[in-house]
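All remarks here apply to the structure that follows.
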Amino acid sequence: MPAQIRENSEVAVIFHEMADMLEIIGENPFRIRAFRRAAQAIENLPEGVGTMLEKGTLARVPGIGSGIMGRVEQILETGDCEDHATLREEVGAGLLEMMRVEGIGPKTVKLVYTELGIQTVDGLEAAARQGHLAGLPRMGEKSQAKIIDAIAAYRRHTGRLLLGEALPQGMAIVEALGQEPAVEQIDLAGSSRRRRETIGDLDVLVGSTQATAVMDRFVALPQVNDVMLRGDTKCSVHLKQGGLQVDLRVVRPECFGAALHYFTGSKMHNIAIRDRGKRRGLRISEYGVFREGTDESIGGRTEEEVFAAVGLPFIPPELRENQGEIEAAEAGTLPRLIEDGDLRGDLHVHTDATDGTAPLEEMAEAGAALGFEYIAITDHSKALAMTQGLDEARLAKQVDLVREVEQRLGEIEILAGIEVDILPTGELDLSVAALRELDWVVASVHSHFKLSEEEQTARIIRAMESGVVDCIGHPTGRVLGQRDPYAVDLDRVIEAAARLGVALELNAFPDRLDLDPPHCRQAREVGVPVVVNTDAHAPGHLALREFGIYTARRGWLEPGDVLNTRPLSAIRAWREPRLPAKPSKKKTKKRKNP
DNA sequence: GCCGTTTTCGGCCCGACTGTTTTCAGTCG
């Protein structure tokens, strides 16, 4: 994992743990919330927390005051802070883990610990099975059975689902439930509407005057496996596929907007908006916007009305993380976020010459069918032997094929390119002279993931310094849920990209989404172009660009920040000044610009 | 612990559902 992300998440974990432990011992809830808020703020920092502490910019981050700052200093110096260590002696790791079981909160943990001496999830399960929990205050047979089920679910299902897996299921439910006549409005809410890279559960919101009919239809959907809970307006189920939890909420149509805003979150964004409302004498809930002390709604049919009530324009869901979007909305400087239709082409596509499944011609046709103006064929290079990567001779043949297919199809421009391996030393897997002849060069790390951060960073920067690299592919190498990013200092990579005129890829494959949104934002701020590519290995993969667009939007990117929103002539003009001079005697025929 | 159009103290977002109660605590989002 890159050092700065590792550092931030390590520091954040300590504050999360403090919040959990303080909850168990029954501390002041606002103090607890402050620790949670600080933890979240640190997780979302654009830079390393240590760097920001040194630069003095950490103090300006909302939620970080002098108390947190002092603890951060301690943590960075010694690896922990005093009161965390003290609490840790009082509250063991087992108690913390118990809180992660659905339905078990701090009060229950404290109860079973003080009454029964239970300190672990295993101990809790044993006590429940032996019927020891049912006798505790405010506990009964049902609670005990629920805890047994919840522990089983906890063991079965720990991780989050990729957006690419969860979103299609969510959309299918919206589609199916939308058929119900009682449904007047319906939309996804929660993190799937904000298009987070991973999803814990799906939230579906319906506007209707007939909640019972809507919920009857919902629980009868063929996708539904079991019903967890059902009330008058709220219902939770598990789906058959992957056991994904779906929460349905039904509200009256006149408060659909307020509810949509509320259930879309994020929590931090909502708190900030409500706080803003409060300062204006307004109470904002999922039922609308109310003047303090009255029940008269002054808005809430649409989200726009909610924002307008606190003096703001509409903020796109992808930005709602309380990461400056409210301030930008206030100042009128919200970005005009990139949309699917802004992309003119895909600059990272594989064929069956290496590890793709389809011939070059089919990939190009698929691109044309999606309305792309251009597509770059970028198969692997020879270092990636398991994919039968191209050597210079095979590459030259492929270039000829590209020219021939382009001529034959006539409906899409095809760039002859490569995804060349960056060797451990930072040298490229093919000669600079051969790469210089290509229309587009993606350079990627596919091996030696365990180099030190210094070596990995130097390796990537050295590759960029060759002058022939147009774009760094999947810059951190992360595979969501499977592989952490390799150790690399992205601050330095972004800085080098700015200096050397190299673009960074936002790989749209749902398990990569690499660059992540904070670094997209950082690239945008220093003028490094981002390229939204699918890395397609089959024709159907080209449609995955939507997930790249979602992530780009979460990274505040406008069309102008993304290289492949530009016409091909502009891309050629962008790369040309950086390319090393060609050997003068061997004059190759240059392609004419369109 | 944080923060300030309520500015250095006194607030801090708001409501649904469940299970165990007979008015509410705990949990979740």
- Return the inverse of the average 1/r over all pairs of distinct C-alpha atoms in segment A:16-115, which is the Kirkwood hydrodynamic radius, in Å to one decimal. 14.5
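Can you work out the FRET efficiency for the pair A:ALA213 and A:ARG100, with r the C-beta to C-beta distance and R0 = 41 Å, to the nearest 0.05?
0.70
Eigenvalues of the Cα gyration tensor times 5, then square-rooted: what semi-axes does that give for segment A:442-510, in whole angstrom, largest first? Numbers along the way, then the final one.
Values: eigenvalues 71, 40, 20 Å².
Largest first, segment A:442-510 gives 19, 14, 10 Å.
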- Item | Additional length obtainable on full extension of the chain from A:ALA433 to A:LEU136, 0.36 nm per residue less Cα span | 99.3 nm
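May I ask you to derive the relative contact order of chain A, considering only C-alpha pairs under 8 Å and at least 6 residues apart, and to give it as an integer percent?
10
Once you have a ≥ b ≥ c as the square roots of the Cα gyration tensor eigenvalues for segment A:221-376, tell me rounded if a/c is under 1.5, and otherwise prolate or oblate according to whether a/b is larger than b/c.
Oblate is the answer for segment A:221-376, as a/c is 1.5 or above yet b/c matches or exceeds a/b.
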- Message: Once you place label points 7 Å from the Cα toward the Cβ at A:GLU327 and A:GLN179, how far apart are they in nm?
- Response: 4.9
- Query: To the nearest 10 degrees, how steep is helix A:141-156 against the longest Cα principal axis of chain A, on a 0 to 90 scale?
  - Reply: 10
- Task: Give me the compactness ratio for segment A:302-342, meaning the Cα radius of gyration over 2.2 N^0.38 Å.
- Result: 1.18
- Extension length gain for A:ARG336 and A:ARG462 (0.36 nm per residue less Cα distance), in nm, is 41.9 nm
- Query: What nm distance separates the two modelled labels at A:GLU558 and A:ILE25, each placed 7 Å from Cα along Cα→Cβ?
  - Reply: 5.0
- segment A:3-157, relative contact order in percent, only Cα pairs under 8 angstrom and at least six apart counted: 20
- Which Cα, out of A:ALA538, A:ALA39, A:PHE314, lies furthest along the positive dipole direction of chain A (beta carbon charges, K/R +1, D/E -1)? A:PHE314
- Can you give me the Cα centroid spacing of segment A:190-206 and segment A:91-161 in angstrom? 27
- Treat each spin label as a single point 7 Å out from the Cα along the C-beta direction, and report the A:LEU409 to A:VAL227 distance in nm. 5.1
- Note on the structure: Length gained if A:LYS582 through A:THR78 is fully extended, taking 0.36 nm per residue and subtracting the Cα-Cα distance, is 176.1 nm
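Evaluate chain A: find the radius of gyration of its Cα atoms, find its Kirkwood radius, and give the ratio Rg to Rh. Walk me through the numbers before you get to the answer.
Details: Rg = 26.7 Å, Rh = 26.6 Å.
We get a ratio of 1.00 for chain A.
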- Zero-based 10 Å bins, Cα pair distances in segment A:54-205, whole percents: 9, 23, 21, 29, 15, 3, 0
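In a shell of Cβ-Cβ distance under 15 Å around A:VAL250, excluding A:VAL250 itself, what net charge do Lys and Arg (+1) and Asp and Glu (-1) give?
Counting the neighbours of A:VAL250, the net charge comes to -4.
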- Message: With 16 Å as the cut-off, how large is the P(r) tail for segment A:115-175, expressed as percent of Cα-Cα pairs?
- Response: 57
- How big is the Rg/Rh ratio for segment A:340-578, C-alpha atoms only, Rh by Kirkwood, two decimals? 0.93
- Note on the structure: Counting Lys and Arg as +1 and Asp and Glu as -1 over every other residue whose Cβ sits under 11 Å from the Cβ of A:ASP340, the net charge comes to -1
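Given A:LYS107/A:LYS267; A:LYS382/A:LYS450; A:LYS110/A:LYS278; A:LYS382/A:LYS582; A:LYS146/A:LYS267, which pairs have Cα atoms separated by over 30 Å?
A:LYS110/A:LYS278
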- Taking Cα atoms only, helix A:392-409 is inclined relative to the longest principal axis of chain A by an angle, in degrees rounded to 10, of 80
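Each reported figure results from applying straightforward, stated rules to the coordinates on display, with no laboratory input. Predicted, not measured: the structure shown is a model, and the values here were computed from it. When we count neighbours, we look across all protein chains shown, and the Cβ atoms used for this are built from the backbone with ideal geometry, even at glycine.
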